[in-house]
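A short reminder: the numbers here are calculations on the coordinates, not readings from a lab. Since this is a predicted model, take the numbers as computed values, not measurements. Note that each Cβ is placed from the backbone with ideal geometry, even for glycine, and that neighbours are counted across all protein chains shown.
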C-alpha cells in the first residue's frame, strides 16, 4: 500500500510540475485577472458613457419584460473587448514576433564545388574529380 501511494505521488509530481502545466496555470491566472480588468473597464467606463442615451435610468435597468438587455449588453461588450485584446496581443503582436524570430536562416557554408574540368558537382574537400579524374590540388 505504501509503495503504491509513493508511486502515485511521484507520478502526480511528474505530471503537475511539467513546464507546460505551470505555463498553463500562469496563463489561466493572468487571463482571469485580465478579464476582471476588462469587465471593470466596460462596467465603469464604457457602459456609463452608453447610458447617457437614456439619462433617466441606469443601463442595468434596461429591460424588455424580464429580459435584462442592459446587463446582456455589458457582458457582450466585455466579451468583444477581451476578444479584440487577445486578437491584437496574441495573434498580431506575438505572430509578428514569432515570424521575425523564425526568419529565413542564414545560408550555411557550401559543402560542394564544381570541377573546373568537367563542371560536375563534387565534394568541397575532394582532391580528385570522381567523374573525369582530374587532379584538383589541395
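Quick notes on this one:
- Here residue 27 fits the description: out of contact with any strand residue (DSSP E or B) (no Cβ under 8 Å at 6 or more places or on another chain), closer than 22 Å to residue 88 by Cβ and either assigned to a helix (DSSP H, G or I) or without any contact (Cβ under 8 Å) to a residue 24 or more places away in the chain (or both).
- Filter pass, residue 60 being outside any loop (DSSP other than H, G, I, E, B) and over 21 Å from residue 37 (Cβ atoms): no
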